Structures are given as structure tokens and as C-alpha cells.
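Below is one structure; the comments refer to it alone.
The values are calculated or read from the model by the stated rules, or taken from the named source; none is laboratory data. As the structure is a computational prediction, the values presented were derived from the model and not from experiment. A quick note on method: Cβ atoms are made from the backbone with ideal geometry, for glycine too, and the neighbour counts reach across all protein chains shown.
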């Protein structure tokens, strides 16, 4: 595999990104191309070993992602599995995904990234990432580099043959892990089918089986579905993200499934806690719960002052 | 205080102002989204699944102190007015493809009980105390936008979210309330904004207007909507950045067709 251009020093990129500096668009282009090559060789189901710290949705909340490293350990001292939804909604999607991709390239066997429903061209055009790229770089080129790379992200991970990790959940088309392995994943997330279900579906404690959403698209899955999936695949637990929980995590179905949520004070106004799940060498699971990083508030006040300086007062709005 | 503040042991998240003549008190409460247990309880109580962001402890209230009359906006009562049947139920743009793809699949044994998952509500606030709403006209009892447009000092301002849902990334449904209190008058605006990608854009506004020196409350409910593609076309014609503009209810509002516009008034004793 050819290396990065000599002009790109990964360690320097990482150091800059920890300081929340943007990389040049030519560097992003090279890094995304390199990441594609790396991801292309990963299976749709990546097998990894504990110990590993599993992270749920981040959604561009850069300061809170740094908080995760502060409390959970930096790479490569701590192994990480990120369950997707790196971009959209928050203020710093570019900085967030840039850092994660650089860490993946630098420590490929210690950092794992899988795909969430927001790692998609369609969704990022409506929920902020496209706009952020256009605004911060003056054109949407980096959005193309990133979203082309998203097509190569793997869909799931298995920890020590015991814990199945995915962004959304299960699919009525998938009974065994082998059926995930044969999905042609190198594409935009489709509107329907097993690949869509893996990044979209939600558990439902009121029902046993799969249910079709009243929206006319999307599934929920119940306790019996989870039980059967774990039996068929000789596993003990399903770990997923995708749903906001005020407490930062949620455990369901007699401890057979948990949701990890890693964006505290989601959208800077939900007031929720966040967590990461530390899976130990013996399979033990420890929730590490955290609150929003103080830098968020400092940044908000700074922005507010700038706006007031410019004659706009976001605090007092003469709405009609 | 208002109906839904009683359970709270403290005044956490509460802000309040009383007008200078002592007649009106405006109170808001902003707390984090509900935890899992209250969400389950609320879901069972009102009989539909709860939006992904549910600010169930939040409210915005206007109270007429001499008689104790009040109007309050909260998520519970707003959600209780969401259709719990198939009536008016929308389908996402890709629903047809889904039907074709999944027809006859035996694994899918259940369909979730239908409800209006877009969380469209015609909620106009919860009133308590003596006083009847009487329908009037905007000409007879106007909300004085001319006076509200003056740069009078804003003595109290707050924006309170009640609920929000991204509709599984098919758009956005958002109910929020804003209030501003000036020396002589106040305006509260509860806005429901729905953008269902490829299908519809909808805004339902309830404005509550009070002149502090009077005993009258004016309430105007305005429902507007238009087909998604029509809005997109109009935005394009105006040279707007379409995806960005579609996220902003203020930009989209003038492009929609008014379907309901009702003004009511209550005279307080």
C-alpha cells in the first residue's frame, strides 16, 4: 500500500486537530484517499478483542469527544471502537471526523470506526455537515472527500466473539453474522434493505418481534428477536448507539442489549448525560458516564459576545 | 403557579417576571430532556411513542394575577392533541419503495399502532381559571404588530423547547415557545414546524398578545402548509441556499399557504 504524500505528517495532523485546527483541503483529500484503502480491506464484520472502549454518537461535539479521551485515555493507550454518527448537528463535525480518521490511519488496529446513518451524502446535506464544509472551506470539496470515504466504513464489529456492535440494530433480513458479511457495503446507504436496517433500526421493549414503523419505512425489533439472534450467533450481548438517552446509556431486554450515547447536552440544549462503555478482558462492561465539557460554554459565550459586537443580540429577539 | 409546576421540589430552571402594574406574571421553566422512566409513563398516559427529544418539564405560562387565570404551553398537552389514529397520517417519501421491497416478508409480524408520527399538533395552549375564549376577528382584536415592531426595551425574553424529532432523518418536527415582555405589552409565540423531506412543510403558530394595562388576552392560531417541492422551487427561484433555508421556519413561513387562521379573545374579570 503506497504511503501518504511526504508532505503529510500524521502525527503533526493529529497534534493540530487536538488543538481544533482545520487541516488544508489537500491534506483532507490525501487522508481520505488513504483511509479508503485501509477500510476497503476490512470485513463488514470486524472482529476485535477486549479491552476496548466503545463510543456512541458524537455528532460534531468536538469538545465532548476530547473529554472522552481525557476520561477514557488517549490513543493508542486505550483501544477505541466508535459506533458512527460522527458528523451533523454539532458545531465541529469537520474537526471531529478529521481527528478520528487521522487516529484510525495512525493506529489502525487500535481504533475502529463503523458507519452510522449520518455517514451518508443524503443525511449530511440536511443536518449540517454539508453546510459546515461549505462554510469553513468556502466550497463543498471536503464534503465530497469525506462522504466518498464514508462508503468504505465497515458496518459492524464483534468483540471477543461475544458482543455484537452496530450503529442502529438488527434487520429482519439478517439472522446470522454471515449474512452481514455478504452485503455489498461500498455505496451510499440505501433507503431500504439490510444495510439500511443495520444503521437505522431501534429496539422496542413493548413488542417481541420486528415491527414496521407507522412512517412507512424503518423497523423496530423486540426481545425475542434479540434473544434469537444471540442464540443463533452464540453471542451474549448487542451494543448499539443511535438513540439519545438522558442518562447516557440504557440497558434493555434482561441485559442482552445496551445503547451507548456519547454526546452530552446534545445539540447544546438537551441537558442529557453521555457515556462510553469500557469492555474489559473478561467481557465485563463498565459505563463511564460524563457531562458536557466546560469548553462548550466558554465557546458559546465567546460567540454570543461576537454577535452582540456585530449588532445582533441572540438573547433578545424581536420576533413577531 | 401554573398547573404543571407543582411536582417539582425546587425552582430549578424557572425564570419569572411580574409586570410593573402587578397584573401579569410570565414564567418559564427549562430543564433537561426527560429520563427513561418518565418517558415510558408519558407514553402510556397519552398512548403514543414520545418524540426523541422530549422536554417534558418545560413550560411557558402567562398568568393574570388578580383572578388566577392562566395560559400555559407544555409538551404533554401538545402531544395529547397529536392524532392517535390513521387520520391525517403522513408517509415518508420512500414508503412506496419500502412496500414493494418488503411485501410478504414473514419475519415482520407486527405493525406499530398507527399515530401521527410527524407529531403535528393544533395545540393552542392550556388555559385554567375563569374566562371563556370567544371567537373574534383579527380586525376587531388585532395583535398590534405595529406596536410590537417598535424597539421598546425587552424586559424578559426566553425561548423554550417542548419537543423535537428528526423523523428518522426524514426531516424535522419541532415545537417551541418564545416570549418577550416589553414595558407595556407582551407576546408569546408557540410554533410547530414540520419539514417532511419530499412531502410537506407545515407551520402552526399560536400567538398570545397582552397589553399590560388591560384585562384582555388575544390569541391567534395560524396554520400554514405547502408541498415540499413547491417550497423548494420557490426558494430556488429566490436564489436561496435551499437545504439551509428549509431548516429555517422564518424563511419558509412566507412561502406557505394559510389553511386556518382563527383569532379568539378572553375578557378577564
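Where helices (runs of 4 or more DSSP H) fall wholly inside region A:43-149, the ranges with 1 or more residues that are closer than 29 Å to residue A:178 by Cβ are A:93-106, A:121-126.
Of the residues making up region A:282-294, not a single one is touching a strand residue (DSSP E or B) at 6+ places or on another chain (Cβ under 8 Å), exposed (fewer than 14 other Cβ atoms within 10 Å of the Cβ) and under 28 Å from residue B:144 (Cβ atoms). Restricting to region A:65-80, name every residue that is more than 13 Å from residue A:274 (Cα to Cα) and surrounded by 24 or more Cβ atoms within 10 Å (Cβ to Cβ). The answer is A:80, and nothing else. Those residues that are closer than 14 Å to residue B:221 by Cα and within 11 Å of another protein chain (Cβ to nearest Cβ), I need them from region B:127-160; list them, please. The answer is B:143, and nothing else. Entry remark, region B:20-53: residues being facing another protein chain (nearest Cβ under 9 Å), in contact (Cβ under 8 Å) with a residue 60 or more places away in the chain and under 22 Å from residue A:213 (Cβ atoms) number 3 in total.
Restricting attention to region A:215-234, does a residue exist that is in contact with a helix residue (DSSP H, G or I) (Cβ under 9 Å, 6 or more places away or on another chain), farther than 20 Å from residue A:119 by Cβ, crowded, with 18+ Cβ neighbours inside 10 Å and within 9 Å of chain B (Cβ to nearest Cβ)? So far as region A:215-234 goes, yes, one or more of its residues are in contact with a helix residue (DSSP H, G or I) (Cβ under 9 Å, 6 or more places away or on another chain), farther than 20 Å from residue A:119 by Cβ, crowded, with 18+ Cβ neighbours inside 10 Å and within 9 Å of chain B (Cβ to nearest Cβ).
Within region B:174-186, the set of residues being touching a helix residue (DSSP H, G or I) at 6+ places or on another chain (Cβ under 9 Å) and more than 25 Å from residue B:82 (Cα to Cα) comprises B:180, B:182, B:184, B:185. Just one residue in the set A:190, A:203 is under 20 Å from the mean Cα position of the chain (by Cα), buried (at least 23 other Cβ atoms within 10 Å of the Cβ), more than 7 Å from every other protein chain (Cβ to nearest Cβ) and closer than 24 Å to residue B:93 by Cα; that residue is A:203. Among the candidates A:180, A:174, the residue that is touching a residue at least 12 places away in the same chain (Cβ under 8 Å), over 29 Å from residue B:200 (Cβ atoms) and within 14 Å of another protein chain (Cβ to nearest Cβ) is uniquely A:174.
When you go through (1) crowded, with 17+ Cβ neighbours inside 10 Å; (2) modelled with pLDDT of 95 or more one by one for residue B:167, which number turns out not to apply? Result: residue B:167 passes all but (2).
The listed residues are A:33, A:6, and the only one of them that is at pLDDT below 95 and either outside any loop (DSSP other than H, G, I, E, B) or surrounded by fewer than 17 Cβ atoms within 10 Å (Cβ to Cβ) (or both) turns out to be A:6. Among the residues of region B:170-186, those identified as at the interface with chain A (Cβ under 8 Å from one of its Cβ atoms) and crowded, with 20+ Cβ neighbours inside 10 Å are B:170, B:171, B:180. Would you check if there is a residue in region B:221-237 being closer than 18 Å to residue B:142 by Cβ, in a strand (DSSP E or B) and in contact with a strand residue (DSSP E or B) (Cβ under 6 Å, 6 or more places away or on another chain)? Looking through region B:221-237, at least one residue is closer than 18 Å to residue B:142 by Cβ, in a strand (DSSP E or B) and in contact with a strand residue (DSSP E or B) (Cβ under 6 Å, 6 or more places away or on another chain).
Among residues of region A:282-311 being modelled with pLDDT under 95, part of a loop (DSSP other than H, G, I, E, B) and more than 14 Å from chain B (Cβ to nearest Cβ), the one that is farthest from residue B:220 (Cα to Cα) is A:282. Reported count of residues in region A:262-276, each being touching a strand residue (DSSP E or B) at 6+ places or on another chain (Cβ under 9 Å) and surrounded by fewer than 24 Cβ atoms within 10 Å (Cβ to Cβ), is 6.
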